[in-house]
Amino acid sequence: MEDREIVALFLRREETALAEAGKKYGKALYAVAQRLLRNREDSREVVGDALLDAWNSIPPHQPEDLKSYLVCLARRGAVDRLRRSHRAKRGGGQAELSMEELAECLPEGDSAEQAAEDREASQLLAQVLNRYLAGLSPTARQVFVSRYFYADSIPVIASNFRMSREAVRSMLYRTRKGLRNFLEKEGIPL
């Protein structure tokens, strides 16, 4: 079934939308959650929660890219679950490592929490981030997204892009440094 047909089912509030979205994207959602949580049961719950979140948010939202929309919901759910549980040691998993790396580029303390809770600030930060990513080379953008959106490990990224681990680390470092400079130029407080 095509994405637009699945979105139409959501818009008409037909429960088959959940089954169709799960059938088409359940494995991708599970993979994202599993990379972050490293727990099968929690990952399954995150997938179910993401589909429920889609049910509750479509309408009013009408996503143009259903897969990206669902992956965002699953990723957000997995990150929230990580924060709530506090069961992994700081820096112990790929999610924690990638968030620590990215922390140097994002607003600190209360500002980051406010940005996450304040829809306008989150949207502004997302727009600025999208503009920055659009200016990167396709490889740098894909490596950045692999690391900080999908929480892929450095060895996995190196293998996927046929690069050395050190080349991936260097590219991510330069990209984070560039992001920090870009955010400062855009007036985003760090």
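Each part reduced to its alpha carbon centroid, region 20-46 and region 124-157 end up 21 Å apart.
The length gained by stretching the chain between Lys185 and Ala134 to full extension, at 0.36 nm per residue less their Cα-Cα distance, is 16.8 nm. Taking 0.36 nm per residue of separation and subtracting the current Cα-Cα distance, fully stretching the chain between Arg169 and Glu64 would add 34.5 nm.
Using the crude model of +1 on Lys and Arg Cβ and -1 on Asp and Glu Cβ, and no other charge, please compute the dipole size for region 121-190 relative to its Cα centre, in debye to 20. Result for region 121-190 is approximately 160 debye, rounded to the nearest 20.
If you sort Thr16, Thr175 by accessible surface, 1.4 Å probe, largest first, the order is Thr16, Thr175. The trypsin sites (Lys or Arg not before Pro) of region 1-39 that meet both conditions, a loop assignment by DSSP and at most 14 other Cβ atoms within 10 Å of the site Cβ, are Arg12, Arg13. Ser137 contributes about 60 Å² of solvent-accessible surface, heavy atoms of the protein only, 1.4 Å probe.
The values are calculated or read from the model by the stated rules, or taken from the named source; none is laboratory data. Note that the structure is predicted; figures quoted are calculated from it, not measured. Backbone-built Cβ (ideal geometry, glycine too); neighbour counts: all protein chains shown. Calculation scope for accessible area: heavy atoms of the full protein, side chains included, ligands and nucleic acids excluded. Shrake-Rupley method; radii C 1.70, N 1.55, O 1.52, S 1.80 Å.
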